[in-house]
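Here you go, one structure.
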Amino acid sequence: MLLDKTKALYVKCCIIANGVTDSQGDCLYAEDIKKIFTSFNNQDNFEILHDEIPLKEVSLLENYISTADETIGTAIVPKGSWMAVIRVDNPDIKAALMSGKFGGVSLNNRIADKCKANLHGIIRYKDVADAECIVPILISFVEGGANGYGLHVMDYPAYIMKSNDVMIKKENGGLKVDFKEFIDGLKSLIKQAEDTPEEEPVVEKEDKVQEEESVEEATDEVVEETATVTEEKPVVEKEEEAEIKKEDSDLEDRVAKIEEQLAELIEAKKDGEVVEEADEAETEDTPKITKSEKVIVETTPVQNNNYYDVTGRDPVTGIKIR
């Protein structure tokens with residue numbers, strides 16, 4: 001079944017902030033951020049609270065290194081940071097976002113085999129000699145990310161407009177999504193556009209100036225001849241208008257086609273998709289990096305490395321058994 005994109009939530013977040021020291025004492029800069037960013041498999045691998053159970057109906061819509069300062073709420077995220085926009089169709093995750101249960105994201109990383117020497121359990125970025133060794137596996141929704149940046153939640157119209165985002169705001173000790181602010185802002189933009197007078201085309205202005213000069217210098221005979229001539233729109237202006245209309249029509253067709261293809265790709269990707277384990281032979285000593293405010297100092301020994309036993313999922317269908 002094709003999911004309705006207009007009913008999804010769109011979440012903008014900062015995964016790693018450039019030059020910002022997080023709550024665990026780590027600070028990464030653009031070069032190392034890019035090394036980690038390019039090691040990510042760029043698939044729709046999401047979890048909650050580092051439980052390592054892949055989520056369905058949650059997809060990575062935008063994934064990029066920012067080229068300018070950006071904002072999440074009132075916080076400025078410096079350029080060179082790893083940013084993402086996540087599309088959420090999963091009803092449980094949508095409800096959790098709306099209720100304020102999640103306030104950030106956290107990377108769940110593994111260390112490349114060649115770099116595992118002398119590294120055990122839960123470690124930090126600063127413990128790894130080369131950022132090339134850090135391999136992001138999952139993006140986790142958490143109560144608060146270590147980088148201190150929250151989540152920027154949008155409905156479909158807000159995401160498309162990108163000018164009046166639906167913000168998460170603190171209210172009475174909790175979080176609230178202010179849809180009214182978005183609607184009011186959108187109405188304001190529409191009214192402003194309607195009230196703004198259209199500016200005369202430059203070509204038409206120039207033609208009027210030349211026309212006035214010609215009338216002043218012309219004889220009475222020329223004035224009589226030109227008085228009966230019906231003013232016609234300049235040819236150049238007609239050509240420009242036709243070209244603009246054609247470009248607008250082509251752009252609309254391209255956007256519609258891209259949206260249709262994207263929806264098909266997302267739906268095809270979700271059918272039966274299961275994230276492979278990063279390392280089937282993983283043990284309690286396997287070095288990991290998790291970035292959330294709750295620092296984990298120990299890991300629980302894994303008694304059984306079978307994926308389905310650990311996650312409680314049916315081995316045939318992959319569905320979690322409750």
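Bear in mind these aren't lab numbers, they're just calculated from the coordinates by the rules spelled out. Because the structure is a prediction, the values reported are computed rather than measured. Because the Cβ atoms are built from the backbone with ideal geometry, glycine has one as well, and the counts that use them run over all protein chains shown.
Simple spin-label model, 7 Å along Cα-to-Cβ: LEU262 to GLU143 in nm?
3.4
Right, something else. Please tell me which of these pairs span more than 29 angstrom C-alpha to C-alpha: LYS5/LYS126; LYS12/LYS34; LYS5/LYS35? Present the calculation step by step, with values, prior to reporting the outcome.
Numbers: LYS5/LYS126 40 Å; LYS12/LYS34 19 Å; LYS5/LYS35 32 Å.
Where the Cα-Cα span goes over 29 Å, the pairs concerned are LYS5/LYS126; LYS5/LYS35.
A further question on this structure: Just grab the label-to-label distance for ILE122 and ILE65, each label 7 Å out from Cα along the Cβ direction, in nm (one decimal).
Roughly 2.9 nm, to one decimal.
Amide H of ASN63: which non-local residues (sequence gap of 5 or more, or other chain) have their own amide H closer than 5 Å, using H built in the peptide plane?
The list, which skips near neighbours in sequence, is VAL85.
From Cα pairs below 8 angstrom and at least 6 apart in sequence, can you work out the relative contact order of segment 1-139, rounded to a whole percent?
Working: 221 pairs, mean separation 45.0, N = 139.
Relative contact order here is 32 percent.
For a protection proxy built on the mean count of beta-carbon atoms within 10 angstrom, sort 13-20, 130-137 highest first, please.
Numbers: 13-20: 22.4, 130-137: 18.6.
The peptides rank, most packed first, as 13-20, 130-137.
Counting only C-alpha contacts under 8 Å and six or more residues apart, can you give the relative contact order of segment 1-68 as a whole percent? Kindly include the intermediate steps, with their values, before the conclusion.
On the way: 35 pairs, mean separation 11.8, N = 68.
Normalised by residue count, the contact order of segment 1-68 is 17 percent.
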